[in-house]
Protein chains: 2
Amino acid sequence: MAIKIGILGYGNLGKGVEAAIKKNDDLELVAVYTRRAPESLSIATDTAAVKSIADLESGNEPIDVLVICSGSATDLPQQTPKFAALYNVIDSFDTHANIPAHFSAVDEAAKKAGNIGIISCGWDPGMFSINRVYSLSVLPDGEAYTFWGRGVSQGHSDAVRRIEGVKDCRQYTVPVPAALEAVRSGANPTLTTRQKHTRECFVVAEEGADLERIEKEIKTMPNYFADYDTTVNFISEEEMKANHSTLPHGGSVIYSGTSSEGTGHVIEYSLKLDSNPEFTGSVLAAFARAAYRMNKEGASGAKTVLDIAPAYISPLNGDELRKHYL
Amino acid sequence: MAIKIGILGYGNLGKGVEAAIKKNDDLELVAVYTRRAPESLSIATDTAAVKSIADLESGNEPIDVLVICSGSATDLPQQTPKFAALYNVIDSFDTHANIPAHFSAVDEAAKKAGNIGIISCGWDPGMFSINRVYSLSVLPDGEAYTFWGRGVSQGHSDAVRRIEGVKDCRQYTVPVPAALEAVRSGANPTLTTRQKHTRECFVVAEEGADLERIEKEIKTMPNYFADYDTTVNFISEEEMKANHSTLPHGGSVIYSGTSSEGTGHVIEYSLKLDSNPEFTGSVLAAFARAAYRMNKEGASGAKTVLDIAPAYISPLNGDELRKHYL
């Protein structure tokens, strides 16, 4: 019997989860839930239904886990606690500063209902967090460095798109090679924001727009760009379509620590992703399996990737894992 | 209250665990247990006792977890089940083919006694296994490649030392750069044993020994060297001491998989270790913490690193982990 999955939200991430489910025989997509008119949506899974988000409210939808693929800014803080009261749920909430509050809200709702609510699942937060915690626990005397990219930051791309005269933008976050090398050498350097990453913007401007002003507005934008060395390239719509239509990403968590005086170790976990939303969707699908299993065993409440043993996300049983992968 | 640790066996690995305990305020080394005459052993922890292995038999030693640092070939299959009946235990059993049998034996003894027995903990098996399982679970349509080195293989060094006329040897396992690059590119190549690693031997021969014969015996040794391109370098004892006295190691687990047609991802976990036994000892110390905690919560039986959530090996609590490392 496959684990029955519902997906809430059918943007890039929802589609990524759908793709991941197709790769897992023990997972079955039952329905996509949307705020749009269901009949307006065409999905890639013939056997699944498209339904309204309102259908979820009954708590009677035939799903084992609801994967909530909405935005962190305003939707997830509402939706995840709300639906954790009705179903096992999982999200990819990534507003770092608000994780403790989100965890509490989901924990309360999920515990009351006897459901599992996994929050902040993806690659950062997610796989990168797991690696930070393993490394830090094994070598407490050390330091973790996280580098992102080369990859498209959707938040930064959106920020540029809001500038007057900008039609489209793709922003790439790029780690500085010298910083990567310094960290990999085990030197434990102190690095400023500017020393770790650069930012590259590919911008399609509206006809007649003041390019100089746009470039200046980008480069001086606080939080997003002012603390970085930023390059702005104006390109045509055709070039945007031809060269910047995918959402690659990746990065590294590099941990450098010592086990005794003069004896150092470097641990590196790195991702090179053709598609950020498909990889994030793949992580969500695997941990949706864990949500179902932990709940079957009687567990409830909010969980993060740090609370879940690796074996819980694998379709293989303990014997198979020990025999072939230990 | 610190978690009270006993170490059984005071070779390189036991010393590595001792070094790791010094880096963790919540762990305390209570005693080293040895087969040698206790008074002949001088350890690096003033506050810990040196006792005979026989003292463990009572089951009354004042320890929360016994870290068993003996060899996988003959000692661990006896010792880990035996002491799992008396204490929470952890070992680094690494004879791959015998893991299922070892797991069963430890599981039976530990369950009967209400103890936890963690087996096969270190970096391979251990951290590498964890990474294989995470990657495989997130991207089931893919392939895992494990590379070891550059680093000293103690098993291969020992095998050469057994050859007549060999006084000392240090064998380095070295991944083939072209193979690493092919795997990192996402090409999913099929690689033979010879294509993945080369072996370099640094040999001190006895005076007057037949070097040509020694080199031939090494290069044709079945299992150990015959399937590899092996280089043999004869060096002096002084050179051995000066350049080959440490035990560095490391390697990579590289996983390459797709989430949909044409969309691929590469996940790499790599270690660069100044000291293999100190890093393995650090992993054992962190998971000893998990053994204690899981047992406190009422769990018993054999576990592997795959059964243990990351949060269990960290001294930080859930709030701290979510706030700072998620």
Q.
For segment A:115-167, give me the residue count where each residue is surrounded by fewer than 24 Cβ atoms within 10 Å (Cβ to Cβ), aliphatic (A, V, I, L, M), within 12 Å of chain B (Cβ to nearest Cβ) and out of contact with any helix residue (DSSP H, G or I) (no Cβ under 8 Å at 6 or more places or on another chain).
A. 0
Q.
Suppose the filter is more than 7 Å from chain B (Cβ to nearest Cβ) and either acidic (D, E) or buried (at least 17 other Cβ atoms within 10 Å of the Cβ) (or both); does A:N233 pass it?
A. no
Q: Hey, can you tell me all the residues within segment B:145-192 that are closer than 30 Å to A:G250 by Cα and under 19 Å from the mean Cα position of the chain (by Cα)?
A: B:Y145, B:T146, B:F147, B:W148, B:G149, B:R150, B:G151, B:T173, B:V174, B:P175
Q: Can you tell me which residue among B:V266, B:V253 is closer than 28 Å to A:I21 by Cα, facing chain A (nearest Cβ under 9 Å) and either in a strand (DSSP E or B) or among the basic types (K, R) (or both)?
A: B:V266
Q) Inside segment B:290-314, can you point out the residues that are facing another protein chain (nearest Cβ under 8 Å) and farther than 25 Å from A:T95 by Cα? A) B:T304, B:V305, B:L306, B:D307, B:I308, B:I313
Q: Go through the residues of segment A:252-271 one by one and say whether even a single one is under 25 Å from the mean Cα position of the chain (by Cα), assigned by TED's automatic domain parsing to the domain that holds A:S157 and within 30 Å of A:K167 (Cβ to Cβ).
A: no
Q) Does segment A:39-46 contain any residue that is open to solvent by less than 30 Å² (accessible area, probe 1.4 Å) and within 20 Å of A:N115 (Cα to Cα)? A) no
Q.
Please determine whether any residue of segment B:116-124 is without any contact (Cβ under 8 Å) to a residue 40 or more places away in the chain, aliphatic (A, V, I, L, M) and either outside any helix (DSSP H, G or I) or within 20 Å of B:L8 (Cα to Cα) (or both).
A. no
Q | Selection count where residues are hydrophobic (A, V, I, L, M, F, W, C) and in contact with a Pro (Cβ under 8 Å, 6 or more places away or on another chain), scope segment A:244-259 | A | 1
Q) Does any residue in segment A:231-246 that is in the same structural domain as A:A205 (by TED's automatic domain parsing) and outside any helix (DSSP H, G or I) come within less than 8 Å, Cβ to Cβ, of a residue that is polar (S, T, N, Q) and exposed (fewer than 11 other Cβ atoms within 10 Å of the Cβ) six or more places away or on a different chain, and which pairs are these? A) none
Q) Listed residues B:E28, B:E39, B:E18; which is modelled with pLDDT of 95 or more and within 14 Å of chain A (Cβ to nearest Cβ)? A) B:E18
Q. Out of curiosity, is B:I63 surrounded by 19 or more Cβ atoms within 10 Å (Cβ to Cβ), more than 14 Å from chain A (Cβ to nearest Cβ) and part of a loop (DSSP other than H, G, I, E, B)?
A. yes
Q: Determine whether segment A:173-196 contains at least one residue that is assigned to a helix (DSSP H, G or I), in contact (Cβ under 8 Å) with a residue 60 or more places away in the chain and of a type in the set (K, R).
A: yes
Q: Identify all residues within segment B:68-100 that are of a type outside the set (F, W, Y) and within 14 Å of chain A (Cβ to nearest Cβ); write none if there are none.
A: B:S72, B:I90, B:D91, B:S92, B:D94, B:T95, B:H96, B:A97, B:N98, B:I99, B:P100
(Q) Name the single residue that is nearest to B:S270 (Cα to Cα) among those in segment A:101-114 being more than 8 Å from chain B (Cβ to nearest Cβ), not aliphatic (A, V, I, L, M) and not in a loop (DSSP other than H, G, I, E, B). (A) A:H102
Q) If we scan segment A:293-301, do we find a residue that is assigned to a strand (DSSP E or B), within 28 Å of A:E143 (Cα to Cα) and among the small types (G, A, S)? A) no
Q.
On the basis of being open to solvent by less than 20 Å² (accessible area, probe 1.4 Å) and either in contact with a strand residue (DSSP E or B) (Cβ under 7 Å, 6 or more places away or on another chain) or farther than 25 Å from B:V138 by Cα (or both), does A:L273 make the cut?
A. yes
Q. What is the number of the single condition among (1) assigned to a loop (DSSP other than H, G, I, E, B); (2) within 27 Å of the chain's Cα centre (by Cα) that A:E207 does not meet?
A. (2)
Q: Tell me which residues, restricted to segment B:315-326, are more than 8 Å from chain A (Cβ to nearest Cβ) and either touching a residue at least 12 places away in the same chain (Cβ under 8 Å) or more than 22 Å from B:K4 (Cβ to Cβ) (or both).
A: B:E320, B:H324
Q: State whether the residues of segment B:266-277 include one that is under 28 Å from A:D319 (Cβ atoms) and among the aliphatic types (A, V, I, L, M).
A: yes
(Q) For the list (1) open to solvent by less than 50 Å² (accessible area, probe 1.4 Å); (2) in a loop (DSSP other than H, G, I, E, B); (3) within 14 Å of chain B (Cβ to nearest Cβ); (4) not basic (K, R), I need the number of the one condition that A:A226 fails. (A) (3)
Q: Test each condition in (1) within 8 Å of chain B (Cβ to nearest Cβ); (2) open to solvent by 10 Å² or more (accessible area, probe 1.4 Å); (3) more than 24 Å from A:F93 (Cα to Cα) for A:E278 and report the one that comes out false.
A: (3)
Q. Mind checking whether some residue in segment A:12-23 is surrounded by fewer than 18 Cβ atoms within 10 Å (Cβ to Cβ) and more than 22 Å from A:Y312 (Cα to Cα)?
A. yes
(Q) Take the conditions among the hydrophobic types (A, V, I, L, M, F, W, C) and either at pLDDT below 95 or open to solvent by 30 Å² or more (accessible area, probe 1.4 Å) (or both) and apply them to B:A84. Does it pass? (A) no
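The values are calculated or read from the model by the stated rules, or taken from the named source; none is laboratory data. Just so it is clear, the structure is predicted and the values come from calculations on it, not from any experiment. Cβ atoms come from the backbone with ideal geometry, glycine included; neighbour counts cover every protein chain shown. Accessible surface is based on the protein model in full, side chains and every heavy atom, while ligands, DNA and RNA are left aside. Shrake-Rupley method; radii C 1.70, N 1.55, O 1.52, S 1.80 Å.
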